[in-house]
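Each reported figure results from applying straightforward, stated rules to the coordinates on display, with no laboratory input. This one's a predicted model, so the numbers in the text were calculated from it and none came from an experiment. FYI the Cβ positions are ideal-geometry reconstructions off the backbone, even for glycines, and counts take in every protein chain you see.
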Amino acid sequence: MLVVVSRERAEAREVDRVLAMVDAGVARVHLRRPGLDAAGRLADLLRFPPHCWPRLSVHGGLPEGAPASTRVVGGHLRGADRGVAGVAPGAPLSASVHSAAELAARAALPLAYVLASPVAPSLSKAGYAPTLPARDLLASLRAASRGRGVRIVALGGVTADNARDLGAIGFDGVAAIGAVWDAGDPVAAALAIAAEFAAGDGARSDALASGPPRG
């Protein structure tokens, strides 16, 4: 599973690139616009054609009066958010978390997945780096979400160079910002990250299926 998170401001050719990513199989694209209110986030969403809305998530959600057709759009909880408006039952709800305590605090919410960060030094936030190894962060979040079916997606410093390792240690997906949008070809960069993650995840699955070595 690859999640591509947008820049904080809309960019030239962003719509075309997001459509290409969705058409190529990128699982989800998050629209992250901290400078916009709910009405602005709706206007931002409406730049994209409706056929791709089921694969989009809006950070902070949409206004209560958003058109019914937008109820297929996912919502993402930011920081201290405890809920978002405009997310219909069945549309994915996600959240940003940095610790098991943050995930546990949202135990009552029907989260489909969380973006767990940072797993490596961030490419888009100077000085933002992990406080514990990615494997340990994953283990703590698995414990905090046991029995809830919440997928754990790695974020923060994710690149094609480390996506395979993140898949191999057991993350359910990876999310990227800078490694995609800083690339000369963001679509190709996204697909490269997705391919590397899938290779690591596949190797882990094969190892689990084969069981412990004999002898």
**Request:** On a C-alpha basis, how far is the centre of the stretch 39-72 from the centre of the stretch 100-123 in Å? Whole number, if you could?
**Result:** 23 Å
**Lys, Arg +1 and Asp, Glu -1 on Cβ, resulting dipole of the chain about Cα centre, debye, nearest 20** = 520 debye
**Message:** For the stretch 18-75, which trypsin sites (Lys or Arg not before Pro) pass both filters: DSSP loop (anything but H, G, I, E, B) and at most 15 other C-beta atoms within 10 Å?
**Reply:** Arg47
**Per-residue ³J(HN,Hα) for the stretch 2-7, Karplus 6.51 cos²θ - 1.76 cosθ + 1.60, θ = phi - 60°, Hz, x for Gly and Pro** = 10, 10, 9, 9, 5, 5
**Complete:** Averaged over all viewing directions, the convex hull of the alpha carbons in the chain casts a projected area in nm² of 12.7 nm²
**Item:** Per-residue HN-Hα couplings for the stretch 28-33 [Karplus 6.51, -1.76, 1.60; θ = phi - 60°; Hz; x = Gly/Pro]
**Value:** 8, 10, 9, 9, 10, 10
**Asked** Of Pro50, Ala12, Gly61, which is farthest along the charge dipole of the chain in the positive direction, counting Lys and Arg as +1 and Asp and Glu as -1 at C-beta?
**Response** Gly61
